[in-house]
Amino acid sequence: MSYLIQQTLIYAIPLMIVALAGVFAERSGIINLALEGIMIFGAFIGVLFVHLCQKYGVFELLPQYANWGSMQLFEILGMVASGLLGAAFALLLGFAAINLKADQTISGTALNMLAPAIVLFFVRIIANQEELRLYKGDAAEWFMVKKGMLGLEAKDNFVVNTFFNKFYLATYVCILLFIVCSIILYKTRFGLRLRSCGENPQAADSLGINVRRMRYSGVLISGFLAGMGGFVYALTTSNCMSNGDVAGFGFLALAVMIFGNWKPLNIAGAALLFGLFKCLAAGYSSIDINGDGVKLLFELSKHPTWGKVLNPNFYRMLPYLISLLVLAFTSKKSRAPKAEGIPYDKGQR
Amino acid sequence: MKTRSFFNKDGTKSVLSTLISILIGLIAGALIILIVGLVDDKLGLKEAWKGIRLIFFGLFSKGQQAGRLVFGFNSTNIGDMLFRAVPIIMTGLSVSLAYKTGLFNIGASGQYLAGTTAALFIALKMNTAVVAPWIVWILAFFGGMLAGAFWGAIPGMLKAFLNINEVLACIMTNWLAANIVTWVFEGSGLQCTEGTKTQVIWKTSHNGVATAKMGLDKLFPESQQVDGGIIVVILIAILIYILLTKTTLGFELKACGANRHSARYAGIKDKRSIVLSMAIAGALAGAGAALYYLSGSTEFHWQTYLSLPGEGFTGIAVALLGACNPIANIFTGMFLSTLDVAGSKLSFFTEYNEYITDVIIAVIVYLSAFSLLIKTWLTKKFKKSDDGFRKIPDVAYTSKSGQGDKLPNAAAAGKEGNA
């Protein structure tokens, strides 16, 4: 059970934070189809940051700080770096959509094509292969926090084993950030102004709100969160490796956002659900649900009749199938920001 | 006066803005090559110069002699270019047709996979000792087309009946297709058992099925790949052009794309039209896949669940670069496959790699998102140089709306772009 919860969180958290990234852009009136591309780019920047720091021996230079705590700081620096460059990448979308009033779907698609191309181009030049890995060691060895480090090795209860053992600090930082960003969006003046630009920019403008600035802030925050989410995804699920691909996670986040009806709390729930499915797909063979030593899902996949359906292929397509079905059932109720995707034109009424 | 009417034509402006986008894209690629060459000490300026020349003239590369690149007519390259253009022109047509009818078909990848699966199954499972190979080829081609149509119709139906955004539905059906295809081939027994290549499906020539060469192998004798597929593609492009511009059905589809509700008011079945245009778009993508894999010289990597085929996304570039005109798509498809050939030369002869061509394509798509802006700019440019007193209203218009999109010419262009 602990394993199941931990794995679900690992998949759900990047989804959640990237879906929130989508909310910030759409609430300000810009469709951010480029989430996938920004994630890919952010993952690359974060991995490159860690790779270069290891290569130039930052921790060998300062041996007195080479403990697990400073590693966490190092991880957060990587997240900040990937977030900042993700925001810079998202500027391309903002420039096209806000200044040039371009088609947002097309420019988002262009960024989704640009990110893997540029990442693979540089990865091949830097690493001379198709993927950029850590310079030495693996992600778990460098960044994972174990309960012994927190002085909890004697404790062996459910809470400690689930939430304070073998985790990445990034997961909790993201949860915290998710809460903070949701509060900003709903409980502050800035959030209200941002949302008004996605609903009725003309009215917002008439009240003295600078629509362009608000939309740029929306896109930049969106880029920051998505870029950071990309790095967190790479760190926690693929051993800090960048290969110009996040396996459709950005698009899944988009579905989570719509499923969550552009509201943070619903998004958190949807992300956990999708995370559970992703976790089933990745680890169905080693999940022990009720702790009796029987790996039920694995047994089922070997079953002569049930195994025909309940096999890894089925679990892998489940998130997409569910999201399509959910979209089909909730489409009547879903309420997108009214002005999303429409370039702001002052003269329009 | 004559030059003015030529430059004021909408078609001319579209072509010019496309050429400008291409040029900017190529220059961006060249700049990246130059900067990387200067920064990275294992590359250097000499290597960068080689790379830049290959980006622009890779199609005419004849290899290397004593470390120097030689350029000239190369029939292998041109034949390969034509062959690689086949699937992307088809996915381009798919995206174009959908775009003209008001839908953004980002699902060409999934439709392409559906087409691949059906075509390969028919071509490899049918006994060519009983049924003549050419009949099998035709069956497989139409099978691929039908599978693509079915896969395209799903997001179409979701859009028509449940009002789900087709972009999202397409993204989901893409990844569904990627998983289903892996599942289907896993137990199919069609995996290649030759040597160590267990990751691929048999070529269709294993079962004696292959596209006819139609004399193109005589034209380009050294190319292993070129076949009649490109001729079929050109015919289909012309058919689609006729469908869209000369038939009632085409008009209905376009009208429905322009405004679904007023089309219904005019007596057009809007739901049927939406499903139909997605199905035709899917059929085109599926046919592209069938033509590519039925050539008999291509291998299909069946474990697709982690990545989608790039043809679907290149199709978006082909379509947008050609302003979604089916005839223009033939040329833009060939241009992008030229870049593809140039990319493989680049990674073969220099320390750079082929991904730079994807960067160039992405830059071009990015630019085509605001091709309207370039067109408007062209309009102003030619008006100013041709007609002095027109200058004043132009400036007045542009200062008001910021973009000049109220100009009559640009407005017409805008309608066409959105339709």
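The values are calculated or read from the model by the stated rules, or taken from the named source; none is laboratory data. Note that this is a predicted model, so its numbers are computed, not measured. When we count neighbours, we look across all protein chains shown, and the Cβ atoms used for this are built from the backbone with ideal geometry, even at glycine. Surface accessibility is based on the protein's heavy atoms, side chains included, excluding ligands, DNA and RNA. Shrake-Rupley method; radii C 1.70, N 1.55, O 1.52, S 1.80 Å.
Applying the Karplus relation 6.51 cos²θ - 1.76 cosθ + 1.60 with θ = phi - 60° to the range A:224-235 yields 3J(HN,Hα) values of 4, 5, 5, x, 5, x, x, 5, 4, 4, 4, 5 Hz, where x marks Gly and Pro. The contact between chain A and chain B removes approximately 4200 Å² from the accessible area (both sides summed; 1.4 Å probe; ligands, DNA and RNA excluded). Have a look at the range B:143-170 and report residues whose accessible surface goes down by 40 Å² or more when the remaining protein chains are included, against the chain on its own, probe 1.4 Å, ligands and DNA/RNA excluded. Those are B:LEU162, B:ILE164, B:LEU168, which lose 40 Å² or more relative to the chain on its own.
Which residue, A:MET79, A:MET39, A:MET149, has the most motion in a Gaussian network model of chain A that connects Cα atoms within less than 10 Å? Of A:MET79, A:MET39, A:MET149, the Gaussian network model singles out A:MET149 as fluctuating most. Is there a pair in A:LYS333/B:LYS269; A:LYS278/A:LYS332; A:LYS346/B:LYS9; B:LYS46/B:LYS345 whose C-alpha atoms are over 18 Å apart, and which pairs would that be? Over 18 Å Cα-Cα: A:LYS333/B:LYS269; A:LYS278/A:LYS332; A:LYS346/B:LYS9. Backbone amide hydrogens, once placed in the peptide plane, bring B:LYS62 within less than 5 Å of B:VAL70, B:PHE71, B:GLY72, excluding anything fewer than 5 places away on its chain.
Quick one: grab the alpha carbon gyration tensor of chain B, order the square roots of its eigenvalues as a ≥ b ≥ c, and give me rounded if a/c is under 1.5, else prolate or oblate depending on whether a/b is larger than b/c. Oblate, because a/c is 1.5 or more while a/b does not exceed b/c. Within chain B, the whole DSSP H helices whose Cα atoms reach 18 Å or more along their own axis and whose mean Kyte-Doolittle score is at least 0.0 are B:10-39, B:44-57, B:75-100, B:108-125, B:133-162, B:166-186, B:229-246, B:270-293, B:326-349, B:355-369. Global dimensions of the range B:143-238 from alpha-carbon coordinates: Rg and Dmax equal 18.4, 53 Å. Counting only other chain Cβ atoms within 10 Å of each residue's Cβ, the peptide B:106-115 averages 1. If only the Cβ of Lys and Arg carry +1 and only the Cβ of Asp and Glu carry -1, the dipole of chain B around its Cα centre is close to 1640 debye.
B:PHE150 contributes an accessible area of around 120 Å² to the protein surface, as traced by a 1.4 Å probe with all chains present. Shape class of the range B:2-72 from the Cα gyration tensor (axes a ≥ b ≥ c, square roots of the eigenvalues): oblate, since a/c reaches 1.5 or more and a/b does not exceed b/c.
Counted over the range A:2-330 with a bin width of 10 Å, the fraction of Cα pairs per bin, in whole percents, is 6, 24, 32, 24, 11, 3, 0. Taking only protein heavy atoms and a 1.4 Å probe, the accessible area of the range B:76-324 is 64% carbon and sulfur.
Between the range B:227-298 and the range A:207-271, how many Å separate their Cα centres? Spelled out, the Cα-based centre of one part sits 34 Å from the other.
Once you order the gyration tensor axes a ≥ b ≥ c over the Cα atoms, which shape class does the protein assembly as shown get: rounded for a/c under 1.5, otherwise prolate or oblate by comparing a/b with b/c? It comes out rounded by the Cα gyration axes.
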